[in-house]
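Read through the structure below, which is laid out as structure tokens, and then see the notes.
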Amino acid sequence: MKKIALLMLLLAACTTPAQTNSTNTTALSNTTLRIMLDEFAKIDTELNTSWHEEEIPRKLIPPTAIEPWTQKLIALKNSTEPDSFPDKLVEARLNMLKSQAAYYLGAEIGAAGALVMKGEEGKFTVTEKINCERLPSITKATQYYAHSFAHWLKFVHHMDDLLQKSDEAKELIGTNLARPKFYTPSFADAAGKINATATAVKQQCGYDIALPKEAIYDARPSM
């Protein structure tokens with residue numbers, strides 16, 4: 001895995017998709033949710049992935065599949081009406097990929113970016129004295145983790161919206177225990193850990209870690 005390639009992907013995926021040629025756009029202009037899910041299945045087969053089973057950290061998508069999946073989604077997005085059910089599905093999937101790309105980038109930093117902490121139920125405290133010379137690694141790892149969490153929250157928002165408004169989506173995608181596994185990554189306590197790290201770094205090293213605003217809220221997916 002090349003860190004620069006994943007970072008560029010993470011940034012590029014946040015931009016507005018480029019327009020595809022008119023022939024493809026016209027051919028898919030009536031894309032339905034069922035058709036979009038069929039396209040997802042084709043991509044899974046081609047890239048040997050399983051979007052419905054992906055989960056952080058137990059079953060991540062292979063890093064080599066992130067870019068081709070994203071490029072195919074960008075093309076598919078051009079076939080959907082904004083804010084339609086197929087569009088919400090594509091947005092949910094894009095944020096799954098962004099979340100996993102950010103998680104991979106943070107994992108590359110390893111122990112140098114991690115702090116020892118204790119706590120439970122979203123309330124955590126850093127228990128080690130921080131070596132402030134480690135700030136670059138701690139900062140990058142925390143920011144990547146925060147971006148991963150923020151994109152997970154966006155996935156939850158789009159997928160919740162889809163499943164709550166579309167009976168067809170409930171049938172085709174699944175609800176409750178049959179929902180995509182990405183609903184239940186190891187992010188239940190992410191906001192608490194991110195904020196504990198930022199607080200300890202501020203107190204011990206006098207440095208403010210810049211975080212995406214979405215990551216400071218301990219949002220929960222609906223049941």
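For residues that are in contact with a helix residue (DSSP H, G or I) (Cβ under 9 Å, 6 or more places away or on another chain) and of a type in the set (Ser, Thr, Tyr), scanning just region 188-217, find the one that is farthest from Ile138 (Cα to Cα).
Step by step, filter region 188-217, then rank; the result is Tyr217.
Hey, can you tell me all the residues within region 180-216 that are in a loop (DSSP other than H, G, I, E, B), within 12 Å of Trp152 (Cα to Cα) and at pLDDT below 85?
Taking region 180-216 and keeping what is in a loop (DSSP other than H, G, I, E, B), we get 180, 184-189, 206-212.
With the extra rule that they be within 12 Å of Trp152 (Cα to Cα), the set shrinks to 184-188.
Pro185, Ser186, Phe187, Ala188 - these are the residues of region 180-216 that are in a loop (DSSP other than H, G, I, E, B), within 12 Å of Trp152 (Cα to Cα) and at pLDDT below 85.
Sort through Gln143, Gln164 and tell me the only one that's part of a helix (DSSP H, G or I), out of contact with any Pro (no Cβ under 7 Å at 6 or more places or on another chain) and surrounded by 14 or more Cβ atoms within 10 Å (Cβ to Cβ).
Working: Gln164 fails: surrounded by 14 or more Cβ atoms within 10 Å (Cβ to Cβ).
Selected residue: Gln143, the only one of Gln143, Gln164 that is part of a helix (DSSP H, G or I), out of contact with any Pro (no Cβ under 7 Å at 6 or more places or on another chain) and surrounded by 14 or more Cβ atoms within 10 Å (Cβ to Cβ).
Picking from Lys213, Lys202, which residue would you name as being more than 20 Å from Leu94 (Cα to Cα), surrounded by fewer than 20 Cβ atoms within 10 Å (Cβ to Cβ) and not hydroxyl-bearing (Ser, Thr, Tyr)? Break it down into steps so the answer makes sense when it comes.
Values: Lys213 fails: more than 20 Å from Leu94 (Cα to Cα).
On inspection, the qualifying residue turns out to be Lys202.
For region 41-94, name all the residues that are among the charged types (D, E, K, R) and on the phi > 0 side of the Ramachandran plot.
Taking region 41-94 and keeping what is among the charged types (D, E, K, R), we get 42, 44, 46, 53-55, 58-59, 67, 72, 77, 81, 83, 87-88, 91, 93.
Once the filter is applied, which keeps residues that are among the charged types (D, E, K, R) and on the phi > 0 side of the Ramachandran plot, region 41-94 yields only Asp83.
The values are calculated or read from the model by the stated rules, or taken from the named source; none is laboratory data. The structure presented is a predicted model; accordingly, all values stated were derived computationally and were not measured. Backbone-built Cβ (ideal geometry, glycine too); neighbour counts: all protein chains shown.
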